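First the structure, in the form of structure tokens, and then the observations on it.
The values are calculated or read from the model by the stated rules, or taken from the named source; none is laboratory data. For clarity, every value in this text was computed on a predicted model and none was experimentally measured. Positions of Cβ are generated from backbone atoms using ideal geometry, with glycine treated the same way; all protein chains shown enter the neighbour counts. Heavy atoms of the whole protein, side chains included, go into the accessibility calculation; ligands, DNA and RNA do not. Shrake-Rupley method; radii C 1.70, N 1.55, O 1.52, S 1.80 Å.
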Amino acid sequence: MDWTLECSGCADVSGPGGLPTVCPVCGSPYLVRYARRPAPGPREALAGRAHTMWRFLEFLPLAAGEEPVSLGEGGTPLLRAERLGAALGMSDLWVKDEAANPTGSFKARGLAAAVTRAVRGGARHFVLPSAGNAGVAAAAYAARAGARVRVYAPTSTPPPLLAQIVGHGAELITIDGHIGDCGRLANDYAVHTRAMNLSTFREPYRVEGKKTLGLEIAEHFGWRLPAAIVYPTGGGTGLIALWKVFRELVDAGWVAGPTPRLFSVQAAGCAPVVAAFARGAERCEPWPDPETVASGLRVPGPVGGALMLRALRDTAGSAVAVSDEELLAGARQLATLEGVDASPEGGATVAATRKLAAAGTIAREEEVVLLNTGAGVLYGAALK
Ligand SMILES: *Cc1c(COP(=O)(O)O)cnc(C)c1O
């Protein structure tokens, strides 16, 4: 596929020279725009392709004949959750289990796409800030590509995640602060060493990889879309990717609308998107003193904040906050009622669905998909 990069804020299409960061004109993230629509007819196009995320190459930034840097990411199970549904009073509940990805989380999808584009562009040295899972995925995909990566992570990151980052040979720097602090250090490092910054939304291809989540959901249901998706939101790549890909699918004629309502769940101790949504604001305000055991949700000033708010309003969704007690209880329910190795972030979707159903925002018989974004085992004692 041919594509260009377009600024999501001011629609600047000139694109920065070399490897992209954010728009030099207005500071917004770039998004990929494809030159051509995929041919109609998903069944013929996909027949015979392997069940990794790369089977959807019509929607991915891969040029003809290019091989991706891949560990076989994607193709994760979408499980009917009857017992959990009964506990929540929902009759058509599903869980997409992203713990089944290489490196144990859905970060694999984004980093596979980002590292692929970066190494095809000549990069051999990366840097990124991470709350844990992105660092593990970056370390693994860098190893797979024979490249180097430095990861800045908060000291509060669960020890098994830090051990995986080091285990894949990355250079790990732990910081007594949150991911925003790590992000500043990663930027400085990128400027000084010319390492490529893979930080969320300072790089446009992680979103493209995460779009495959939405493509798999659509394919699972026979090219029909569920009523709602509940997504645990940190930097927001997953949320924006779902919004983007459902529009691309409708444009391509692969599915009919309406597209699913998208619901964002955040931790009560770090809920900039929930607060901005409730205020009716177009941008997020930085959250002071972010605190939550769900480390992937501890993102106090997301670069993609304005885009997330657009995605939620555009799809008639909303944003809810849940306490750490509630999200941990949700993870236990996923583990004990369904056998799913849930991360705290995955548990947050259970707690959010309970609230959304109680408020009548989601009807009890609606087809709803929850995302267990990562494996619980990587959180160690934080999940107890
Ligand atoms: C990163 C992460 C999130 C948040 O994802 P974003 O795309 O940054 O919003 C949620 N859950 C887990 C397990 C994560 O690692």
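Worth a mention:
- Candidate set from segment 268-291 (those that are of a type in the set (Gly, Ala, Ser) and touching a residue at least 24 places away in the same chain (Cβ under 8 Å)); member that is surrounded by the most Cβ atoms within 10 Å (Cβ to Cβ): ALA271
- Sole residue being closer than 22 Å to MET53 by Cα, assigned by TED's automatic domain parsing to the domain that holds GLU367 and either part of a loop (DSSP other than H, G, I, E, B) or within 14 Å of the ligand (Cβ to nearest atom) (or both), chosen from GLY257, GLY238: GLY238
- Any hit, segment 84-94, residues being open to solvent by less than 10 Å² (accessible area, probe 1.4 Å), free of Cβ contacts under 8 Å to residues at least 60 places away in the same chain and either part of a helix (DSSP H, G or I) or within 16 Å of the ligand (Cβ to nearest atom) (or both): yes
Condition check ((1) open to solvent by 30 Å² or more (accessible area, probe 1.4 Å); (2) at pLDDT 95 or above; (3) not in a helix (DSSP H, G or I)) across all residues:
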site: ALA113; (1), (2), (3): no, yes, no
site: THR116; (1), (2), (3): no, yes, no
site: GLY122; (1), (2), (3): yes, no, yes
site: VAL127; (1), (2), (3): no, yes, yes
site: ALA131; (1), (2), (3): no, no, yes
site: ALA137; (1), (2), (3): no, yes, no
site: ALA142; (1), (2), (3): no, yes, no
site: VAL149; (1), (2), (3): no, yes, yes
site: ALA153; (1), (2), (3): no, yes, yes
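- Test: residue in segment 169-184 that is open to solvent by less than 10 Å² (accessible area, probe 1.4 Å), under 24 Å from PRO232 (Cβ atoms) and of a type in the set (Val, Ile, Thr): no
- Residues that are surrounded by fewer than 19 Cβ atoms within 10 Å (Cβ to Cβ), on the phi < 0 side of the Ramachandran plot and not in a helix (DSSP H, G or I) within segment 306-327 comprise just one, SER323.
- Scan of segment 95-111 for residues that are part of a strand (DSSP E or B), away from the ligand (no atom under 13 Å from the Cβ) and open to solvent by 10 Å² or more (accessible area, probe 1.4 Å), ordered by number: none
- Scanning segment 355-382 for residues that are under 22 Å from the mean Cα position of the chain (by Cα), away from the ligand (no atom under 16 Å from the Cβ) and part of a helix (DSSP H, G or I) yields a total of 1.
- Taking the numbered list (1) over 18 Å from the mean Cα position of the chain (by Cα); (2) within 14 Å of the ligand (Cβ to nearest atom); (3) buried (at least 23 other Cβ atoms within 10 Å of the Cβ) in turn, ALA294 passes all entries but (1).
- GLY183 part of a helix (DSSP H, G or I), in contact with a Lys or Arg (Cβ under 9 Å, 6 or more places away or on another chain) and either acidic (Asp, Glu) or in contact (Cβ under 8 Å) with a residue 12 or more places away in the chain (or both): yes
Rundown of residues vs (1) under 16 Å from SER264 (Cβ atoms); (2) touching a Phe, Trp or Tyr at 6+ places or on another chain (Cβ under 7 Å); (3) in the same structural domain as PRO158 (by TED's automatic domain parsing), yes/no style:
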residue: SER343; (1), (2), (3): no, yes, no
residue: ALA351; (1), (2), (3): yes, no, no
residue: ALA358; (1), (2), (3): no, no, no
residue: GLU365; (1), (2), (3): no, no, no
residue: LEU371; (1), (2), (3): yes, yes, no
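- Criterion violated by VAL322 - all others in (1) of a type in the set (A, V, I, L, M, F, W, C); (2) under 23 Å from SER91 (Cβ atoms); (3) without any contact (Cβ under 8 Å) to a residue 40 or more places away in the chain satisfied: (3)
- Only one of the listed residues (LEU225, LEU262, LEU215, LEU185) is assigned by TED's automatic domain parsing to the domain that holds PRO129, at pLDDT 95 or above and not β-branched (Val, Ile, Thr). That residue is LEU185.
- Residue in segment 226-242 that is open to solvent by 20 Å² or more (accessible area, probe 1.4 Å) and free of Cβ contacts under 8 Å to residues at least 40 places away in the same chain present: no
- Count of residues meeting criterion [under 20 Å from ALA137 (Cβ atoms) and either crowded, with 24+ Cβ neighbours inside 10 Å or at pLDDT 95 or above (or both)] in segment 350-384: 9
- ALA331 more than 13 Å from the ligand (Cβ to nearest atom) and either modelled with pLDDT of 95 or more or open to solvent by less than 40 Å² (accessible area, probe 1.4 Å) (or both): no
- Selection of first residues in segment 196-222 that are touching a residue at least 24 places away in the same chain (Cβ under 8 Å) and open to solvent by 20 Å² or more (accessible area, probe 1.4 Å) and of second residues that are among the polar types (S, T, N, Q) and within 14 Å of the ligand (Cβ to nearest atom), restricted to Cβ pairs under 9 Å at least 6 apart or on distinct chains, gives the following pairs, ordered by first then second residue: THR200/THR237.
- Condition check for PRO258: within 28 Å of LEU161 (Cβ to Cβ) and over 17 Å from the mean Cα position of the chain (by Cα): no
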